[in-house]
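Asker: Sharing a structure here in structure tokens format.
Since every read-out is calculated from the coordinates, none of them should be taken as a lab result. None of the values given here were measured: they were computed from a predicted structure. Cβ placement follows ideal geometry from the backbone for every residue including glycine, while neighbour counts extend to all protein chains displayed.
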Amino acid sequence: MRFAGRLNRAKSLPQDDSPSRATRPGPSGRRGRHTDAVQLSMNAEDEVGEPIEARLRRALGVRSIVLVGLMGAGKSTVGRRLASRLGLIFKDADHEIEAAAGLTIPDIFAIYGEPSFRDGEERVISRLLRAGPLVLATGGGAYLREATRVRIAESAVSVWLKADLDVLMRRVRKRGNRPLLQTEDPEGTMRDLMAVRHPVYAAADVMVISREVSHDRVVQDVLEALDAHLNGEGTIHVAAQ
Ligand SMILES: Nc1ncnc2c1ncn2[C@@H]1O[C@H](COP(=O)(O)OP(=O)(O)O)[C@@H](O)[C@H]1O
Ligand SMILES: O=C(O)C1=C[C@@H](OP(=O)(O)O)[C@@H](O)[C@H](O)C1
Ligand SMILES: [Mg+2]
């Protein structure tokens, strides 16, 4: 059995203020038969050396992982790598909408308008979630729909990829394929979207900062935050002697 260090009284562990908000005890939190239990923080592998990917797949069961967050947060690129790590199918809602419509997102917005895009987006996400478990990258506006949030809560674990304004702007400037940012002041538009959307994204199960580090490092952060959320912060309970 390998332990990472800290030895804490169970009752003194923080329950609500972890930066990942991944605080709810998960189904595999085991408690000894004595009431005077202590918790031992564990490494990325548990006592039988089970890799984090296998532990997560088991805890997820049939649930999918759904990535939400603003344009440029990394949902599409991090999501693909996350799925590969977990051996899950990856789907990008925007790509599926484009395939279903036979049009690009900018063309759908230009020809049919945003409300039609949103209706199509809701339908496509509903269909994809029924085909889980998978990793699903949503478009940045999808989680604003209540019906979509309810479906995600029923069949998936949601992850908010959160990034600073300047990080988002550096990333979205690479491609001009986001119709909502075709304004005179894209940064002001993004700031307005942050104000409206962040309180909604905050309903996600887990939040991970999409920092200026490699995609693979963000993937690792997501895996660890999910593990903490689903498996009780990577802790076990053992009976005190
Ligand atoms: N952690 C990261 N490090 C470097 N570049 C990133 C990172 N995350 C995202 N990017 C880049 O930012 C751009 C937008 O990422 P994308 O995954 O399309 O975001 P989203 O789907 O959330 O809009 C892409 O060019 C992507 O490679
Ligand atoms: O934030 C939004 O409303 C949108 C985000 C885009 O996806 P990404 O978040 O993957 O860029 C795409 O769905 C569309 O341009 C609208
Ligand atoms: Mg995307």
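Asker: What list of ³J(HN,Hα) values in whole Hz, one per residue of the range 179-187 in order, does the Karplus curve 6.51 cos²θ - 1.76 cosθ + 1.60 (θ = phi - 60°) give from phi, with Gly and Pro shown as x?
Answerer: Residue by residue, the range 179-187 yields x, 5, 9, 7, 10, 5, 9, x, 5 Hz.
Asker: Along the charge dipole of the range 65-226, pointing to its positive end and built from +1/-1 on Cβ of Lys, Arg, Asp and Glu, which listed residue (V206, V172, G188) has its Cα farthest out?
Answerer: Highest projection toward the positive end goes to V206.
Asker: Can I get the semi-axes of the range 106-185's equivalent ellipsoid? Compute them from the C-alpha gyration tensor as square roots of 5 times the eigenvalues, in angstrom, largest first.
Answerer: Ellipsoid half-lengths, sorted descending, are 24, 18, 10 Å.
Asker: For the pair T183 and R130, what calculated FRET efficiency results from E = 1/(1 + (r/R0)^6), where r is the Cβ-Cβ distance and R0 = 35 Å, to the nearest 0.05?
Answerer: 0.50
Asker: Please list 210-221, 154-165, 69-80, 107-118 highest first by mean number of surrounding beta-carbon atoms within 10 Å per residue.
Answerer: 69-80, 154-165, 210-221, 107-118
Asker: Under a 5 Å amide H to amide H cut-off, with H placed in plane at 1.01 Å, what residues pair with L134 once short-range neighbours are removed?
Answerer: S64, I65
Asker: What does the charge count around G87 come to, taking other residues whose C-beta lies under 11 Å from its C-beta (Lys +1, Arg +1, Asp -1, Glu -1)?
Answerer: Summing Lys and Arg as +1 and Asp and Glu as -1 gives +1.
Asker: Output ³J(HN,Hα) for the range 163-171: one whole-Hz value per residue in order, computed from phi by the Karplus curve 6.51 cos²θ - 1.76 cosθ + 1.60 with θ = phi - 60°, and x for Gly and Pro.
Answerer: 9, 5, 4, 5, 5, 4, 5, 4, 6
Asker: Okay, moving on. Taking the C-alpha atoms of the range 125-234, how large are the radius of gyration and the largest Cα-Cα span, Dmax, in Å?
Answerer: 15.0, 47
Asker: Rounded to the nearest 20 Debye, what is the dipole magnitude of the range 65-226 about its Cα centre when Lys and Arg each give +1 and Asp and Glu each give -1 at the C-beta?
Answerer: 400
Asker: Tabulate in residue order the Karplus-calculated ³J(HN,Hα) for the range 52-66, using 6.51 cos²θ - 1.76 cosθ + 1.60 with θ = phi - 60°, rounded to whole Hz; enter x for Gly and Pro.
Answerer: After applying 6.51 cos²θ - 1.76 cosθ + 1.60, I find 4, 4, 5, 5, 5, 4, 5, 5, 5, x, 8, 6, 8, 10, 10 Hz.
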